[in-house]
Amino acid sequence: MLASKHIMTMDDVTAEEIALILDTAESFAEVNQRRIKKLPTLRGRTIVNLFFEPSTRTRMSFEIASKRLSADGVNFTASSSATVKGETLLDTARTLAAMSCDLVVVRHKYAGAPQMLAGAMDCSIVNGGDGVHEHPTQALLDLYTMRQSLGKLEGLRVGIVGDICHSRVAGSLVPALNKVGATPVLIAPPTLLPSRPDILGAEVMWDLDEALPTLDVCYLLRVQFERAERMPFPSNREYATLYGMNLERMAKLPSHAIVMHPGPMNRGVEISADVADSSRSVILDQVESGVAVRMAVMYLLLGGADSGAAA
Amino acid sequence: MGYREKAEVMDARAMDRALTRIAHEILEANKGAGSIALAGIMTRGVDMANRLAERIAAIEGTTVPVGSLDISFYRDDVAIRLSPEVHTTDIPYTVEDRTIVLVDDVLYTGRTIRAAMDAIMDYGRPGAIQLAVLVDRGHRELPIRADFVGKNVPTSRRERVKVLLEEHDDREAVIILEDDGKEE
C-alpha cells in the first residue's frame with residue numbers, strides 16, 4: 001500500500017515504499033518465469049495507456065504488465081486519436097474520466113502533463129515520461145536491476161553519463177538513488193548538463209576515464225538528438241571518443257561493475273555494439289525487470305483502496 | 001482492537017503428535033509417498049509442510065518435495081486490502097498429474113484455500129489436491145473441507161486462533177485470542 005495515489009515523480013514515494021515496490025516486483029518476476037504468466041489480481045480494473053509520444057518498450061511493458069494482472073488494458077496513441085483533430089489534453093482526460101478507468105499511464109512531451117491529468121480525473125496516474133522532467137517507473141526498474149545484479153543499493157556509486165539535460169530518466173534516477181542511499185555521479189560535457197547541476201543533488205565530473213574506476217554502475221544515456229535545439233557537440237565521432245563506452249573503457253571499470261542503458265541505444269555513439277552485447281551489460285535485464293516493476297506499481301496503487309488494515 | 005490470550009488448545013507435545021498422525025494419514029490415503037508433493041501456504045504453512053516432509057521421510061524413507069505458496073495475488077479481497085508483505089512463491093516440482101497436499105496452519109473461511117488452489121492450477125493440472133491443516137476452527141464461507149485435520153477447535157468469529165511455531169515465535173502452541181475490548 002502506497003501513501004500516494006499517483007506515481008508522477010520520485011517525490012511521490014519514500015525510501016520504504018521503494019523497498020516495498022522492489023520486493024513486490026521480485027514476487028512478480030517469479031510469475032513472469034512461469035508457463036502461465038497470468039494472475040487474477042486486478043480482474044475487472046481498467047488501465048489506459050495514454051501515449052502522446054512514441055514508445056516501444058515502455059508502452060509494451062505497461063501493456064504486458066496490465067495483461068499479466070488480468071486488468072483490461074486500453075491503448076491510446078496520439079496519432080490515431082482525436083488529438084489529431086485538435087482535442088486538448090484536458091478534454092481527452094475528461095473523456096477518459098467519463099468512461100471511468102482506474103489507472104492512467106501517461107507519456108507526454110510536456111513536463112507536468114501527469115499533474116494536469118490528476119487534477120481532471122479521479123483515478124491513479126502513473127507518469128510514463130513527461131518531457132524532460134521525470135520517468136519514475138524507469139528509475140524504479142533501474143534500481144531493481146541494480147539490486148538484482150549487485151545485491152544492494154546502499155553505497156553504490158552510479159555514474160550517469162551523457163545527455164543529462166534532456167533526460168527524464170536522469171530526472172528520476174538521481175532523486176531515486178539519493179533516496180536509497182546510493183551516490184549519483186553525473187558525467188557529461190558542459191553542453192549536455194543542466195545549467196545548475198549542483199541543485200540535482202549529484203556529484204559532477206567531466207572526465208569519464210577518471211570516473212570509471214570509481215563506479216559500481218555505469219549508466220549511459222541516449223543522446224536525444226530529437227530534443228536538442230542544436231547539435232550539442234561537434235560530431236558523433238567526437239562524442240564517442242570522449243564519452244562513448246567501448247571495450248577499452250569498460251576494462252577500466254571495477255570487475256564487478258555493470259553497464260546500463262535505458263534504451264533505445266544509439267549504437268556507436270554513447271555505447272559501442274560490443275559493450276552493449278557484452279556479459280557486463282544488463283540492458284536486457286532492465287527491460288525484463290520493467291514488466292515486474294510495473295506490475296508491482298499497478299498492484300500497489302490499485303489494491304487495498306479502502307484501507308491499510310492488515311489481514 | 002487488541003487481543004489477549006484466552007486459552008491454549010494445543011501444547012508442543014500435542015502439536016507434535018498431531019503432525020505425526022497427519023503424516024501417517026497422508027501416506028495411508030495415498031498408498032505411500034510416491035506420487036505426492038507438499039505445498040505450504042505462507043508463512044506458517046510452509047514450516048508445517050517442512051515438518052510433515054521430515055516425518056514422512058522418517059516413516060517411509062522417501063523425500064517428498066516441498067514448495068511454498070504465496071497467495072497474495074490470488075486473494076478475492078485485493079480491492080479492499082493488500083497483504084502487508086508479499087513473499088515469492090516457489091514450486092520446485094512439476095504439478096502435472098501429481099497429488100498436491102496443501103498445508104496450512106488454520107482453516108477458517110476457506111478463502112485462502114480457494115486462492116491456493118487457483119495458484120497451484122496456474123502451475124499445471126494436478127492429479128488431485130488434498131488439504132492438511134493443524135487446526136480447523138469452523139465458520140466456512142466456501143464449500144471447502146480439509147482431508148487431514150490436527151484438531152477441530154470450535155470458536156467464535158470474534159476470536160482469533162494463532163499457531164505459534166518455534167521458527168517464528170519462540171514458543172510452540174496453538175492459542176485462542178479474544179478481543180480485549182480496548183482500542184489499540
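Given 0.36 nm per residue, what is the gain on full extension from A:LEU247 to A:TYR110 after removing their alpha carbon distance, in nm?
Using 0.36 nm per residue and subtracting the Cα-Cα distance, I get 45.6 nm.
Under 5 Å between amide hydrogens, built in the peptide plane, is the criterion, and for A:VAL74 it picks out A:ILE47, A:VAL48, A:ASN49 among residues at least 5 positions away or on other chains.
Rounded to the nearest 20, the size of the Cβ-charge dipole of the stretch A:4-152 about its Cα centre is 700 debye, with Lys and Arg at +1 and Asp and Glu at -1.
The residues neighbouring B:ILE36, those whose beta-carbon lies less than 14 Å from its own, together hold a net charge of -3 under the Lys/Arg +1, Asp/Glu -1 convention. Considering only A:ALA292, A:SER100, A:VAL169, the residue lying farthest towards the positive end of the dipole of the protein assembly as shown is A:SER100, judged by Cα position with unit charges set on Cβ. The residue among B:ILE80, B:ASN152, A:ALA251 whose Cα reaches farthest toward the positive pole of the charge dipole of the protein assembly as shown, with charges on the beta-carbon of Lys, Arg, Asp and Glu, is B:ILE80.
Projecting the Cα atoms of B:ALA37, B:TYR3, B:LEU177 onto the charge dipole of the protein assembly as shown (Cβ charges, centred on the Cα centre) puts B:ALA37 farthest toward the positive pole.
Charges were assigned to the Cβ only: +1 to each Lys and Arg, -1 to each Asp and Glu. The resulting dipole of chain A about its Cα centre is roughly 860 debye. Residues in the stretch B:44-49 carry Karplus couplings, in order, of 6, x, 5, 4, 5, 4 Hz; the curve used is 6.51 cos²θ - 1.76 cosθ + 1.60 with θ = phi - 60°, and Gly or Pro positions show x. Using 0.36 nm per residue and subtracting the Cα-Cα separation, the extra length available between A:ALA228 and A:ILE199 on full extension is 8.3 nm. Largest GNM mean-square fluctuation among A:ALA202, A:ALA251, A:ALA188, using chain A with Cα springs under 10 Å: A:ALA251.
The 3J(HN,Hα) values that the Karplus relation (6.51, -1.76, 1.60; θ = phi - 60°) gives for the stretch A:183-193 are, in residue order, 10, x, 10, 8, 10, 6, x, x, 5, 10, 9 Hz. Gly and Pro appear as x. Helical runs (DSSP H, four residues minimum) scored at -39500 (n - 2.57) apiece and divided by the length of chain A put the mean residue ellipticity at 222 nm at -11000 deg cm²/dmol. Here the Karplus relation 6.51 cos²θ - 1.76 cosθ + 1.60, evaluated at θ = phi - 60°, turns the backbone of the stretch B:103-111 into coupling constants of 10, 9, 7, 10, 9, 10, 6, x, 5 Hz, with x for every Gly and Pro.
The stretch A:184-220 and the stretch A:268-294 have Cα centres separated by 20 Å. Please compute the net charge surrounding A:ASP122, taking Lys and Arg as +1 and Asp and Glu as -1 over other residues with Cβ under 10 Å from its Cβ. Neighbour charge sum, excluding A:ASP122 itself: 0.
What's the magnitude of the charge dipole for the stretch B:138-184 around its Cα centre, counting Lys and Arg as +1 and Asp and Glu as -1 at the beta-carbon? Answer in Debye, nearest 20. Before the final figure, lay out the partial values.
On the way: 9 positive and 13 negative charges, 85 e Å.
Magnitude of the dipole: close to 400 debye.
Return the whole-Å distance between the Cα centroid of the stretch A:53-70 and the Cα centroid of the stretch A:80-144. If you average the Cα positions of each part, the centres end up 14 Å apart. Under a Gaussian network description of chain A, with springs only between Cα atoms under 10 Å, the residue in A:GLY112, A:GLY86, A:GLY268 that fluctuates furthest is A:GLY86. Placing R0 at 22 angstrom, the Cβ-Cβ distance between A:SER279 and A:LYS152 gives a FRET efficiency of 0.60 after rounding to 0.05.
Restricting to DSSP H runs of at least four residues, report the calculated mean residue ellipticity at 222 nm for chain B, -39500 (n - 2.57) per run over all residues, nearest 500 deg cm²/dmol.
On the way: 4 runs with 50 residues, N = 184.
Here the helix-only value at 222 nm equals -8500 deg cm²/dmol.
Read the figures in this text as sums done on the coordinates, not as results from a lab. These figures come from a predicted structure and were not determined experimentally. Cβ atoms come from the backbone with ideal geometry, glycine included; neighbour counts cover every protein chain shown.
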